[in-house]
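For reference, the structure is listed below as structure tokens.
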Amino acid sequence: MTIFQAIIIAIVEGITEFLPISSTYHMKLASVILGIKDNDEFIKLFIESIQFGAILSVIVLYWRKFLDFTKLSFYYKIIVAFIPAAIVGFLLKKHIEKLLGDLMIMTIITFLGGFLLLFVDKWFNNSNEENLDNVSYKKSFNIGLFQLFAIVLPGFSRSAATIIGGMQQKLSRKLAAEFSFFLAVPTLAGAFVLSIWDAHKKNPEFLMGDNLNFLIIGNIIAFIVAMIAIKGFIAILTKYGFKFFGYYRIIMGAIVIMLLIFHIL
């Protein structure tokens, strides 16, 4: 892995992490286009670890909520929503890693998920709750259950799953997106800690030298780009809904499937 490849993948992560188009899939696709070998252990760690930068962007942008310790219910609701992913992610770790290694499967899931996004706004057009204080623990847990779609189906998109879950629980598009951002913090933090710990156990030197520099640079870039992407996403989602992202997934997915069939990728 070169510094150029690390920067490109970090930019892709920052742009896609909070959009309903699957950041993991896009980073996997980017690594293939950049000619990074499938058996490169560091790229797997890099993809999982630079999500930490994206986490920080959410905390910085929404610092008033994250640092308001007078409302402990905010933290409790996020923890309750995180529980399903924590349990299932731990139990199905090997299954998930296997699917993450298959670009065709991830592309098909991304492609089919695009059709789902075309109808989300119509299905949940009466979702209008704007106040997080009114979201119950039961609704928080139910949104967390939706996140499982992204865990067992890599390429589905964690953001898409949780935002759809939020709207199904009557949250407005804006609040559903923000709840998805908040839920990303413990989810991605957990994945980050686990990936770093696993890498350290395999080889402590794996996190030194150029590898450590790449991780630091990648997280900084992902943080900056994600800050911009979140603001843009909220504006697009509030004004236009999900259709834009649905069409993108369908068109992009169809192109990649054809490229894979004809062994161009």
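The values are calculated or read from the model by the stated rules, or taken from the named source; none is laboratory data. Just so we're clear, the structure is a prediction, and the values are computed from it rather than from any experiment. Every residue, glycine among them, receives a Cβ derived from its backbone with ideal geometry; neighbour counts consider all protein chains shown.
For the reader, a short list of remarks on this structure follows.
- Per this entry, Glu17 is counted among residues that are under 15 Å from the mean Cα position of the chain (by Cα), modelled with pLDDT under 95 and not β-branched (Val, Ile, Thr).
- Considered as a group, the residues in the range 64-90 that are under 19 Å from the mean Cα position of the chain (by Cα) and among the β-branched types (Val, Ile, Thr) include one that is surrounded by the most Cβ atoms within 10 Å (Cβ to Cβ), and that residue is Ile78.
- Of all residues in the range 124-140 being outside any loop (DSSP other than H, G, I, E, B) and free of Cβ contacts under 8 Å to residues at least 24 places away in the same chain, the one that is nearest to Ile83 (Cα to Cα): Lys138
- Against the numbered list (1) closer than 30 Å to Asp133 by Cβ; (2) free of Cβ contacts under 8 Å to residues at least 40 places away in the same chain, Gly35 comes up short only at (1).
- For Asp121: the one exception among (1) within 28 Å of Ile250 (Cα to Cα); (2) part of a loop (DSSP other than H, G, I, E, B); (3) of a type in the set (Asp, Glu): (2)
- Filter result for Ile217 (part of a helix (DSSP H, G or I), under 24 Å from Gly155 (Cβ atoms) and β-branched (Val, Ile, Thr)): no
- The numbered conditions (1) surrounded by fewer than 18 Cβ atoms within 10 Å (Cβ to Cβ); (2) of a type outside the set (A, V, I, L, M); (3) within 15 Å of Ala150 (Cβ to Cβ); (4) at pLDDT 95 or above are all true for Lys93 except (4).
- Subset tally (residues that are part of a helix (DSSP H, G or I) and either modelled with pLDDT under 90 or touching a Leu at 6+ places or on another chain (Cβ under 8 Å) (or both)) for the range 240-249: 6
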